[in-house]
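The values are calculated or read from the model by the stated rules, or taken from the named source; none is laboratory data. Computed from a prediction, not measured in an experiment: that's the story for all the values here. Cβ sites come from the backbone with ideal geometry, for glycine too, and all protein chains shown count toward neighbours. Surface areas here come from the heavy atoms of the whole protein model, side chains and all, with no ligands, DNA or RNA. Shrake-Rupley method; radii C 1.70, N 1.55, O 1.52, S 1.80 Å.
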Amino acid sequence: MAAMSPESTHAIDLPDFLAFIDGEAPPTVVAHLKHCRACRRAAEDYAGLQRHLHPRLHRATCPSSLALGEHALNLLPSSSRTRLDAHLRDCARCAAELRWLGAMLTCVLPSGQHHEYDGLVWLAD
């Protein structure tokens, strides 16, 4: 972390700003932002940029919703499933989407029965 005096224009570095925006900043950063108007304004600017970019970029490195749906239906080949499972361990958004898909499927697919759709057959868990 960079020096944190109210007189310094760049008193906090980018990782500290991002941690603050995500609610994970150490108490020293939070205290500094409470007192330093310039850094507080910079944090607000970063937060605005993050709000603007997030909807456009959050799926850039994530699997498609179709792939998540195929995972939920146990239709993925084992190699694809392994890669997607590794991604799910690190991506809370995709894991949440997969949980949502699973919940939706339990509402519409009776357990323990074979189902067919568009030529595909699967067994609901």
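Give the number of residues within region 23-52 that are open to solvent by less than 90 Å² (accessible area, probe 1.4 Å) and either touching a Gly at 6+ places or on another chain (Cβ under 9 Å) or charged (D, E, K, R) (or both).
Residues flagged as open to solvent by less than 90 Å² (accessible area, probe 1.4 Å) and either touching a Gly at 6+ places or on another chain (Cβ under 9 Å) or charged (D, E, K, R) (or both) within region 23-52 amount to 2.
Could you say which residue among T82, T106 is of a type in the set (V, I, T), more than 30 Å from F20 (Cα to Cα) and modelled with pLDDT under 80?
Selected residue: T106, the only one of T82, T106 that is of a type in the set (V, I, T), more than 30 Å from F20 (Cα to Cα) and modelled with pLDDT under 80.
Can you give me the number of residues within region 53-84 that are in contact with a helix residue (DSSP H, G or I) (Cβ under 9 Å, 6 or more places away or on another chain), part of a helix (DSSP H, G or I) and loosely packed, with under 14 Cβ neighbours inside 10 Å?
Total satisfying the criteria: 1.
Looking at H58, H54, H114, which is the one that is modelled with pLDDT under 90 and in contact with a strand residue (DSSP E or B) (Cβ under 8 Å, 6 or more places away or on another chain)?
None of the others qualify; the one that does is H114.
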